[in-house]
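K.L.:
Mind looking over this structure? Questions follow.
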Amino acid sequence: MYRKILVALDNSPSSDALFTHALELAQATDGELLLVHSLSSQEDSSPLPMSATLDSIYWAPGTEIDLEAWRQEWIRYETESLERLRHWAAIANTAGVVAEFRQLVGNPATAVCKAAQEWGADLILIGNRGRSGLSELVLGSVSNHVMHRAPCSVLVMKTAALSETEAPAIAGVS
C-alpha cells in the first residue's frame, strides 16, 4: 500500500485540489506526505527565466537595476512558494497526517524523481496541465518525464479532474 506519498506541487490553482486528494489518500492508507515544489523558470508564476545562481550572466552598463529587480522578484517567488508548502504541511499535520516539505531549485521533473528516490516514496502524485503539440514540445511535460523516470508508481491527476467542484456520482450496484 502507499505509505510514503510524494506530492509534486506548483503555484497553480490546481495544486490546492491536488493537495486535497493527496491528503485524503494519505488518511485512507495511514500514509505520510512529502510535499515538493521546485523553483523553476518553467513555472508560470516564476520571474524571468534566468539562473538562480547567476554565475554566467553577461553584464553591461545599466543592467544592475534590472538584475536587482529580478533578484527581488525571485526572493518574492521563493518566499511565497515556501509559505504555501508550510501552509499545506500544517493542514496535513492538523488532520493527523505526518507531512514534511522540501523546496528545490531546478528542473521540476528531475527534482521530483530525485526527491522520490532519496525519500523512498511508494507513490508520486502529480498534476497534468494538458499541454500538447508545440507547447509540450517546447516546454516539456513534467508529468510525462516523471512517469517514465520515477523510481516508484505515479498517479497523474488531470487538470480537468482537479478543477471539478463536485465529486462525481458513484453508480449504485443493484
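K.L.:
How about the range 11-34: which of its residues are in a loop (DSSP other than H, G, I, E, B) and within 21 Å of residue 81 (Cα to Cα)?
P.N.:
11, 12, 13
K.L.:
I need the full set of residues from the range 107-125 which are open to solvent by 10 Å² or more (accessible area, probe 1.4 Å) and under 12 Å from the mean Cα position of the chain (by Cα), in order please.
P.N.:
The answer is 107, 108, 110, 111, 113.
K.L.:
Which is among the hydroxyl-bearing types (Ser, Thr, Tyr), open to solvent by 30 Å² or more (accessible area, probe 1.4 Å), closer than 30 Å to residue 152 by Cα and at pLDDT below 90, of 56, 51?
P.N.:
51
K.L.:
Looking at this structure, is residue 70 open to solvent by less than 50 Å² (accessible area, probe 1.4 Å) and at pLDDT below 95?
P.N.:
Answer is yes for this residue.
K.L.:
For the range 93-104, state whether one or more residues are aromatic (Phe, Trp, Tyr), modelled with pLDDT of 90 or more and either out of contact with any Asp or Glu (no Cβ under 8 Å at 6 or more places or on another chain) or open to solvent by 50 Å² or more (accessible area, probe 1.4 Å) (or both).
P.N.:
yes
K.L.:
Pick out, from the range 126-169, the helices (runs of 4 or more DSSP H) lying fully within it that include 1 or more residues that are at pLDDT 60 or above, open to solvent by 70 Å² or more (accessible area, probe 1.4 Å) and not charged (D, E, K, R).
P.N.:
Passing ranges, in order: 142-149, 159-163.
The values are calculated or read from the model by the stated rules, or taken from the named source; none is laboratory data. Note that this is a predicted model, so its numbers are computed, not measured. All Cβ positions, glycine included, derive from the backbone under ideal geometry; neighbour counts span all protein chains shown. The accessibility values were calculated without ligands, DNA or RNA, using every heavy atom of the protein model including side chains. Shrake-Rupley method; radii C 1.70, N 1.55, O 1.52, S 1.80 Å.
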